[in-house]
Amino acid sequence: MLITIEGIDGSGKSTLLARLRELLADLDPLFTREPGATWVGDSVRRAVAERMDPITEALLFCADHAAHIDTLIRPALDEGRLIISDRYADSRFAYQPVVLDGVIPDPLSWLLRIHEGWTIRPDRTFLLVLPIEDAVSRLGPEKKREYFESAAILSRVQENYLGLAAADPSRFVIVDALLPKEEVARFIADEIRAGALSSRRRPRA
Ligand code: TYD
């Protein structure tokens with residue numbers, strides 16, 4: 001079963017993931033991430049750091065996804081494992097349309113087409129949502145702000161996420177990231193556990 005965790009920078013994914021590792025340890029999940037589950041992620045980080053052109057950057061994020069699926073996701077699914085990925089394809093569909101705005105027409109359709117035929121759809125996606133001011137203040141003034149972390153950009157990224165969730169309500173679970181961290185972690189862990197148990201009873205087609 002493939003679970004993905006999504007949300008803008010500052011939504012609390014890192015704390016959540018650390019807690020899920022503890023709460024779900026008995027299920028022996030594979031914890032993974034995008035970008036950077038393979039060495040392709042190094043080129044993605046370099047492209048972002050050096051502000052490469054947005055198409056190069058988008059295609060590198062897609063290449064990172066392809067390598068991630070081939071190296072980790074598909075083999076783990078074939079073994080019947082529970083996989084929990086910190087970011088996945090929806091990060092592309094939420095972030096890159098902002099970066100590609102004005103560069104190509106209808107970036108979201110372009111991105112969806114690039115993924116067609118080889119990506120693997122998550123069984124469930126937990127989307128952490130919070131007011132932009134809270135996300136930005138969580139990032140902290142001292143933290144070196146990456147390009148994606150300016151409030152105006154994050155606000156558009158979150159709108160894109162909410163659009164994706166509205167278009168696919170059976171997959172997405174929207175989570176209020178302002179709730180106490182422990183409550184968020186326990187809710188998500190319980191949902192994952194319930195899904196993992198029912199998918200064990202129902203073999204993958
Ligand atoms: P990362 O350093 O992994 O941060 P985080 O802890 O927030 O996941 O950051 C990756 C950055 O790249 C983050 O701002 C989101 C962005 N991103 C994209 O723009 N497109 C993508 O496809 C992915 C996976 C991430």
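The values are calculated or read from the model by the stated rules, or taken from the named source; none is laboratory data. The structure presented is a predicted model; accordingly, all values stated were derived computationally and were not measured. Here Cβ is always computed from backbone atoms with ideal geometry, including for glycine, and neighbour counts include all displayed protein chains. Remember, those area values only see protein heavy atoms, side chains included, never the ligands or the DNA or RNA. Shrake-Rupley method; radii C 1.70, N 1.55, O 1.52, S 1.80 Å.
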* Length-normalised contact order for the stretch 73-205 - Cα pairs under 8 Å, 6+ apart - percent -> 28
* Compute the FRET efficiency between V173 and R46 as 1/(1 + (r/R0)^6), taking r as their Cβ-Cβ distance and R0 = 25 Å, and round to the nearest 0.05. => 0.15
* Counting only protein heavy atoms, what percent of the accessible surface of the stretch 2-201 is carbon or sulfur at a 1.4 Å probe? -> 54
* Helices from the chain with mean Kyte-Doolittle at least -1.0 and a Cα length along the axis of 27 Å or more, per DSSP H: which? -> 181-201
* Asked: For the pair F187 and A18, how long in nm is the line joining their label points, each one 7 Å along Cα→Cβ?
  -> 2.1
* Asked: Between I132, I174, H68, whose Cα lies farthest towards the positive end of the dipole of the chain when Lys and Arg beta carbons carry +1 and Asp and Glu beta carbons carry -1, centred on the Cα centre?
  -> H68
* Structure fact -> Rounded to the nearest 0.05, FRET efficiency between A63 and I120 (Cβ-Cβ, R0 25 Å) equals 0.95
* **For the chain, alpha-carbon Rg over 2.2 N^0.38 Å** => 1.00
* Structure fact -> Out of A166, A177, A37, a Gaussian network model of the chain with alpha-carbon springs under 10 Å gives the largest mean-square fluctuation to A166
* Heavy-atom surface of the chain, accessible at 1.4 Å and reported per residue (Å²) -> 50
* Asked: About its Cα centre, what dipole magnitude does the stretch 2-201 give when the only charges are +1 on Lys and Arg Cβ and -1 on Asp and Glu Cβ, stated in debye to the nearest 20?
  -> 280
